[in-house]
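Right, one structure below, let's go through it.
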Amino acid sequence: MKKKVLGTLLSVAMVASMLVGCGGGEAETAAPAATDAPAATEEAPAADAPAADAAEAPAASGGKKVGVAMPTQSSERWINDGANMKAQLESLGYEVDLQYAEDDVQAQVSQIENMIASGVNCLVIASIDSDALVNVEAQAKDAGIPIIAYDRLLMNTDAVSYYATFDNKGVGTAIGKYIEENAGLDPADPKTIEFFMGSPDDNNAHMLYAGLMEVLQPYLDNGALVCKSGRTSFDDTCILRWSQETAQQNCENYLTGFYADEDLDICATAFDGFAYGCKAALEGAGYTDANWPMITGQDAELMATKNIISGKQTMSIYKDTRLLAEKCVTMVQAVLEGAEPEINDTEQYNNGKIVVPSYLCTPVAVDQSNYKEIIVDGGYYTEEQLAAE
Ligand code: BGC
């Protein structure tokens, strides 16, 4: 920990009250009513989206229609997910109704209700708050419409047939291991760390936290890592609806409240959006290349990858949304055409009602040393996209 000379330490209690977390529950930031919901968008802008790896010959889909409900277009990853799903399903001859709900829980419920009413044959859902979908999922089941959970597990329902995702605990372990291997963790030279975890209504966020802490807790216990805010629990560090603004605000408050006398060395964040928020807070607080902390993220968004190249973000977790879409499409074909879906996990994803048969894609940590090999050679972004201003 590098000591700073200047700065006044605010009282912990004062700062704690300034911090915006999600311990206070959802009511505080509840989404606006459905009537205020932004219009759903049909077409995802595909300009920066990785090319969809569409299958070639359309199969006998019999004009069936698939409703794809996505959470938001505010983060690039979901734009790519939607674009890939639409392209891959259409290439197989399915009609696709793709809707984004802009993180408005009620809007997502309405979109799914409309899909059911319009006679979709199958639903693919990446939920905002899966508990809020229990009733509409039961409606789908009653109407004989199978549901596939996309990326986020649909909790407390027996209406879901399959789940396509990444190894969510593995994402947390990969972030933890990256910190373990690259931050020089040594009780004789402690490093300061703050945590920015995902949304409490997203099962992925809990699993990521569990994986991360499995690796980092021993270092918090032996003093190699010091969290000066004291906020290390999931409840204290989770950020409702994965809000970048809240991450920035929390980081600003941590820097003002706890890091006036010494630098923050590590921002352990669960999402590229949080990494952007931390970057803005750190720039605002006068951090430069000389004391820039390690910043982790998730999704390897285009902006995050550019920030990795420029050194403003240290790493991210690459999740190939083309592959996820491909696995999800095999599940759609399974429920609609009786094909065999690819499954590689029948144990981990108990949603409170059933254990959902799942396919887990493997997340990969990327940084300056391997982004070319993984991301550019893998055809996810081109050098031109990464070089563009
Ligand atoms: C996804 C992450 C994503 C986050 C925020 C999670 O459910 O698994 O990839 O970063 O949502 O959108």
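The values are calculated or read from the model by the stated rules, or taken from the named source; none is laboratory data. This is a predicted model, so every value here is computed, not measured. In this analysis, Cβ positions are derived from the backbone assuming ideal geometry, glycine residues included, and neighbour counts consider all displayed protein chains. Ligands, DNA and RNA are excluded from the accessible area calculation, which covers all protein heavy atoms including side chains. Shrake-Rupley method; radii C 1.70, N 1.55, O 1.52, S 1.80 Å.
Would you mind telling me the share, in percent, of accessible area of the stretch 106-213 contributed by carbon and sulfur at probe 1.4 angstrom?
45
Take each peptide in 266-274, 377-385, count the other Cβ atoms within 10 Å of every residue, and average; sorted highest first, the result is 266-274, 377-385. At q = 0.15, 0.21, 0.25 Å⁻¹ the log10 of I(q)/I(0) for the stretch 154-259 amounts to -0.69, -1.19, -1.43, computed by Debye summation with a single uniform scatterer per C-alpha, solvent ignored. If R0 equals 22 Å, the separation of the Cβ atoms of ASN135 and VAL355 corresponds to a calculated FRET efficiency of about 0.50. Pair-distance distribution of the stretch 295-389: all C-alpha pairs, bin width 10 Å, starting at 0; shares per bin in whole percent are 15, 36, 25, 20, 5. Each peptide in 191-198, 105-112 receives the mean, over its residues, of other Cβ atoms within 10 Å, and ordering these scores from highest gives 191-198, 105-112. Phi-derived couplings, Karplus 6.51 cos²θ - 1.76 cosθ + 1.60 at θ = phi - 60°, listed residue by residue for the stretch 306-319: 5, 5, 5, 4, 7, x, 8, 9, 8, 8, 8, 9, 7, 10 Hz, with x used for Gly and Pro. Among 184-190, 294-300, sorting by the average number of other beta carbon atoms lying within 10 angstrom of each residue, highest first, gives 294-300, 184-190.
Shape of the stretch 71-138 from its Cα gyration tensor (a ≥ b ≥ c, root eigenvalues): rounded if a/c is under 1.5, otherwise prolate when a/b > b/c, or oblate? Because a/c hits 1.5 or more and a/b fails to exceed b/c, the stretch 71-138 counts as oblate. The amide H of ASP201, built 1.01 Å from its N in the peptide plane, has ARG241 as neighbours under 5 Å, considering only residues 5 or more places off or on other chains.
Restricting the calculation to Cα atoms, the stretch 214-349 yields a radius of gyration followed by a Dmax of 18.8, 63 Å.
Using a Förster distance of 30 Å, how high is the FRET efficiency between GLU262 and ILE309, based on the Cβ-Cβ distance and rounded to 0.05?
Taking R0 as 30 Å, the efficiency between GLU262 and ILE309 is 0.60.
Residue-wise HN-Hα couplings along the stretch 295-305, as the Karplus relation 6.51 cos²θ - 1.76 cosθ + 1.60 with θ = phi - 60° gives them from phi, are 10, 9, x, 8, 3, 6, 4, 4, 4, 5, 5 Hz; Gly and Pro carry x. Under a 5 Å amide H cut-off, with hydrogens placed 1.01 Å from N, ASP97 pairs with VAL66, GLY67, VAL68 among residues at least 5 apart or on other chains. A straight line joining the Cα centroids of the stretch 223-272 and the stretch 343-389 runs 25 Å.
My understanding is that a pair violates if its Cα-Cα distance is over 27 Å; which of LYS65/LYS169; LYS141/LYS169; LYS228/LYS306; LYS86/LYS312; LYS327/LYS372; LYS64/LYS327 do that in this structure? Where the Cα-Cα span goes over 27 Å, the pairs concerned are LYS65/LYS169; LYS141/LYS169; LYS228/LYS306; LYS86/LYS312. Remark: spin-label model distance GLN368-ALA339 equals 4.3 nm, labels positioned 7 Å along the Cα→Cβ axis. What a 1.4 Å probe finds exposed on the stretch 229-348 is 44% carbon and sulfur by accessible area, rounded to a whole percent.
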